[in-house]
1. Would you point out the residue of segment 123-175, among those that are touching a Pro at 6+ places or on another chain (Cβ under 6 Å) and either of a type in the set (D, E, K, R) or part of a loop (DSSP other than H, G, I, E, B) (or both), that is nearest to R212 (Cα to Cα)?
2. Search segment 243-273 for residues being out of contact with any Asp or Glu (no Cβ under 7 Å at 6 or more places or on another chain) and of a type in the set (S, T, N, Q), and hand back the single one that is nearest to C309 (Cα to Cα).
3. Hey, can you tell me all the residues within segment 127-151 that are over 13 Å from D174 (Cα atoms) and crowded, with 19+ Cβ neighbours inside 10 Å?
4. Condition test on F199, is it modelled with pLDDT under 90 and within 24 Å of D287 (Cα to Cα)?
5. Considering only residues of segment 361-381 that are without any contact (Cβ under 8 Å) to a residue 40 or more places away in the chain, hydroxyl-bearing (S, T, Y) and not in a loop (DSSP other than H, G, I, E, B), which is nearest to I410 (Cα to Cα)?
6. From the list L300, L365, exactly one residue is crowded, with 21+ Cβ neighbours inside 10 Å, modelled with pLDDT of 95 or more, under 30 Å from R404 (Cβ atoms) and in contact with a Lys or Arg (Cβ under 9 Å, 6 or more places away or on another chain). Which is it?
7. Give me the residue from segment 281-290 that is farther than 18 Å from L365 by Cα and either modelled with pLDDT of 95 or more or outside the structural domain of A326 (by TED's automatic domain parsing) (or both) and, out of that set, surrounded by the fewest Cβ atoms within 10 Å (Cβ to Cβ).
Amino acid sequence: MIDRHCHSDWALTVIFSRKLFVSQHTVEEFTGKHLKGVYTGVLRFLLCTIAMELNDSLTSDSSTTTEFQSTQPSELERISPVLDLPPEIVSEIFTNFLPLYPECPPSFGIYSPMLLCRICRHWRAIALKCPVLWRAISIRIPWTQSDDTLARHLEVLKSWLARSGDCPLSFTLDFEGFSQNIMFPPRREFERFNQKSTFSPRFLQTVLLHCRRWEHVQICMHFQHLHLVQGDMPRLQSLTFGPRIFPSTDEQLHLFDQAPGLKRVTLTRYFLFSLYRLPWAQLTHLDGHYLYEIECAELLRDATNLVRCTFGICYSEDPEYSVIPAVPGHNHLRHLILRRGEGSIPQVDSSQLLDGLTLPALCSLEVYGPCITLRSLKEFVTRSHCILQELRVVDSSEEEEIYREAFPFIRDIIVELVVGDDAMTSEEEAGG
């Protein structure tokens, strides 16, 4: 039986929507607070209906990959007032049910658009004719998955791409590798991962058929297949990219050279600068999760139009990575973050990088405190002639007052002090 409170909310929602419809409100007018109230009521009713009609069957992969079949009207179709809503309003409700684009909903489960196809035939027909419901696709596959499971995921990907029509695409294609703390996995596990990765090209080749529609893309898979990422990508704006484990080759790939609109790039943990040539010069936003200091310098040397940049710097004992190349002055970079790469040892040093930078447009700077001295910061600001508005120092051994005396012209200064193995902001310390 449907929950009484849920049904009451739904009844009010339907009455409200009928009044709007009878008053000849257009779909364009039926937005904002009005639409928010309607789809909230629909969502409450929907979740109660799921619990009543489908129980726990929605979470199984097999149930979500099959088409809904019914020869008799379901109980829901006989009792639900949702059928009174015009299809264009139901489509708007469905769109608001999903995460805000370009965020991708899950492929399966109660937050997937697949769910909307399983409530009743009427909803299914509307959902299948609404391409925007299928324009954001997330395929995340653990490396332990069987070939049967991979085949089901591939069919889901194909069906979503077909349903998305001509819409621009946001998608995640992530063949999940090992734990991020395992850089070099045991040989047996490495070989097993390679065997499973032979299915990867089929996923990549499937999405490449639609590369002209790519807009926001995340691709993380085995290096041996990344050379396939070729094609005309006129709509591509943002990219998260990299292999799932460190490659065992020094072959360089030239990628995304037909993506003139690409401005934002995120480089994943196992990205190595020497193995890739991307259109660095056109980027305005760059985020590197785990890079050597020399790689950061090389990226800044090539990406001359950056406005915002974040580097997670990792430690290396290799002398080859100890000599930092000169970096020309950046006239556009306004926000720079130099932090310790997640999982890297505390001995990370970014002092050489900062000492070689001249950034006259910089407004905001964050540095990892243990390796950046107060003197180094002063020299950087003097050399750059920048007007800093915000300075953040992480894991500092100095009090905030020291920085305020050194930089009285900086409006916002935040210092995270070292407290044992943890960090505490100066504001938290003052608050007790």
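1. Checking each candidate, the answer is C167.
2. Here the residue is T268.
3. A127, C130, L133, W134, R135, A136
4. Judged against the criteria, F199 is not a match.
5. S364
6. Testing whether each residue is crowded, with 21+ Cβ neighbours inside 10 Å, modelled with pLDDT of 95 or more, under 30 Å from R404 (Cβ atoms) and in contact with a Lys or Arg (Cβ under 9 Å, 6 or more places away or on another chain) leaves just L365.
7. In this case the residue turns out to be A281.
The values are calculated or read from the model by the stated rules, or taken from the named source; none is laboratory data. Since we're looking at a predicted model, the values are computed, not measured. Cβ coordinates were reconstructed from backbone atoms using ideal geometry, including for glycine residues, and neighbour counts include every protein chain displayed.
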